[in-house]
Every structure is written in structure tokens, then in C-alpha cells.
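Enquirer: Here it is: the structure, laid out below.
No lab work stands behind these numbers, since they all come straight from the coordinates. Treat the numbers as computed from the prediction; the structure is a model and nothing was measured. Ideal geometry is used to build each Cβ from the backbone, glycine not excepted, and the neighbour counts take in all protein chains shown.
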Amino acid sequence: MTRDEVLAVVKRRYAGWAAHDPVALAATHAENGVVTSPTGGVLEGRAEIERVYRLWTTAFPDAVMHHDEVLIEGDRAVVIARLRGTHSGDFFGLAPTGRHMEVQVALLLTIADGLVIDERRIYDFTGVLVQVGVLKAKPVG
């Protein structure tokens, strides 16, 4: 794949986040794609991947994914981004807290035929749980 083709997939993902559209986000993945995520574990197949996008877009309906940097090498891309939003919907059984969260993420993508075939998500899920009030941070000192 060319750099422009890989970048086009990344841009489709930007649009999906901007529209808060789990179907559009999942459509950037191959039907048999795999996502490894701190939130959902290993997700296999577009339907399962869509389920986790729906979880995030429902729990944080005002979520904004701000992409800071994209690195492309061949058919692979690394996206460095910040996800922020307000916990306004159910999140893994946790009732909305109205609390704000922001987390930096790294997304490692492998792309073939215009679709993500493998994605590894790296972010501080424990930090997200602290920010929305599920966990308490131990004071330093």
C-alpha cells in the first residue's frame, strides 16, 4: 500500500470519531480484523470491534479524538492521539458519573486492501477508571 492509501484509512477513522459513529469506525476494519485493547482484550471480527466502539461512544458521547501525530511505514501506521470526553453513559456497568477524562493513546495499525487487519491499542485504562471515579488514586507521600 502507498503512504496516501494508508493515510486515507487513518482519515476515515478521524471522520468516524468526529461523527461519534461506531458503525463507520468498525467499517475501517477488515471483516476478520483483530484489535488488542486494554478495554476489550482481544477482539476478533468487525462485529466485536464495533461493540467496543459503541461502548466508548455511548459512555462518552461527547468524546473527541485529537490526533497528534501519524507515522507511516509501508502498510503500518502509528497514531498518537488524545481521547477526551465526559462520562455520560454506561461504561462497563458503571452508571454515568459526569466526570471528565482524558487519556493519551497509541494505536498501532496494520492495513491491507484499505482496511485495518490488526490494531493494538496502548493507553492507561486504570487512569481512565480513576478519572471517572471507579478507582481512587493513592496519595503520594
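Enquirer: Using +1 at the Cβ of each Lys and Arg and -1 at the Cβ of each Asp and Glu in the chain, identify which of ALA59, THR110, GLY33 lies farthest towards the dipole's positive end.
Expert: Comparing the listed Cα positions along the dipole, ALA59 ranks first.
Enquirer: Output the relative contact order of the chain, whole-number percent, from Cα pairs under 8 angstrom with separation of 6+ residues.
Expert: 23
Enquirer: Shifting gears a bit: Order 62-72, 22-32, 41-51 from most to least packed using the mean count of other Cβ atoms within 10 Å.
Expert: 22-32, 41-51, 62-72
Enquirer: Using +1 on the beta carbon of Lys and Arg, -1 on that of Asp and Glu, and nothing else charged, what's the dipole of region 3-131 about the Cα centre, debye to 20?
Expert: Dipole of region 3-131, to the nearest 20 debye: 320 debye.
Enquirer: A further question on this structure: Explain nothing, just compute: Karplus ³J(HN,Hα) = 6.51 cos²θ - 1.76 cosθ + 1.60, θ = phi - 60°, for every residue of region 38-54 in order, whole Hz, x for Gly and Pro.
Expert: x, 7, x, x, 8, 9, 10, x, 4, 5, 5, 5, 4, 4, 6, 4, 5
Enquirer: Then there's this: For ARG120 and VAL140, what does the FRET efficiency come to when R0 = 25 Å and r is the distance between their Cβ atoms, rounded to the nearest 0.05?
Expert: Efficiency, rounded to the nearest 0.05: 0.25.
Enquirer: Shifting gears a bit: With Rg/Rh (Cα atoms, Kirkwood Rh) defined as stated, name the option among (1) 0.96; (2) 0.98; (3) 1.17 computed from the structure displayed.
Expert: Structure-derived value, by its label: (2).
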